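Remarks on the structure that follows.
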Amino acid sequence: QEQLVESGGGSVQPGGSLRLSCAASVSGFRLYTLRWYRQAPGNQRELVAGITSGGNTNYRDSVKGRFTISRDNAKKTVYLQMNSLKPEDTAVYYCNMYLDPRNYWGKGTLVTVSS
């Protein structure tokens, strides 16, 4: 059964760093586009960053220069390195794997940025 498990969330002060990981048990991992989304209380889920099978990346404007998405196909894992965290980054972060028509989601990991 396909499964995504996120880890690495927690509480951090503004300006701090966290690295999220998402381990997948999905066949053909290397072929998937991998994305991180987040959802803050009362808000819609939003795309944070994505990386294609070829390694091309994209980021939402508010995290450019602070967040880095990467993937390790051998470990079937996608990462999100988050630096210079701000209170507005507080949210539940979800990883997503997409290869039409397959679309898998993790259960999320909470990131809280507060002094």
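Out of the strands (runs of 3 or more DSSP E) lying entirely within the stretch 1-104, which hold 2 or more residues that are hydrophobic (A, V, I, L, M, F, W, C) and surrounded by 13 or more Cβ atoms within 10 Å (Cβ to Cβ)?
Qualifying strands (runs of 3 or more DSSP E): 4-7, 18-24, 33-39, 46-51, 67-72, 77-82, 91-99.
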- For ASP89, are the conditions met, namely being within 30 Å of SER115 (Cα to Cα) and acidic (Asp, Glu)? yes
- Message: Looking at the stretch 75-115 only, could you name the residues that are at pLDDT 95 or above and basic (Lys, Arg)?
- Response: LYS75, LYS76, LYS86, LYS107
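Just need a number here: residues in the stretch 105-115 that are under 16 Å from PHE29 (Cα atoms) and open to solvent by less than 40 Å² (accessible area, probe 1.4 Å). If you could, list the steps in order and put the result at the bottom.
Initially, the stretch 105-115 is screened for residues under 16 Å from PHE29 (Cα atoms), giving 105-106.
Those still in the list that are open to solvent by less than 40 Å² (accessible area, probe 1.4 Å) too: 106.
Residues flagged as under 16 Å from PHE29 (Cα atoms) and open to solvent by less than 40 Å² (accessible area, probe 1.4 Å) within the stretch 105-115 amount to 1.
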- Of TYR94, TYR32, TYR79, TYR59, which residue is farther than 17 Å from GLN3 by Cβ and in contact (Cβ under 8 Å) with a residue 12 or more places away in the chain? TYR79
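The values are calculated or read from the model by the stated rules, or taken from the named source; none is laboratory data. None of the values given here were measured: they were computed from a predicted structure. Note that each Cβ is placed from the backbone with ideal geometry, even for glycine, and that neighbours are counted across all protein chains shown. Note: areas computed on protein heavy atoms with side chains; ligands, DNA, RNA excluded. Shrake-Rupley method; radii C 1.70, N 1.55, O 1.52, S 1.80 Å.
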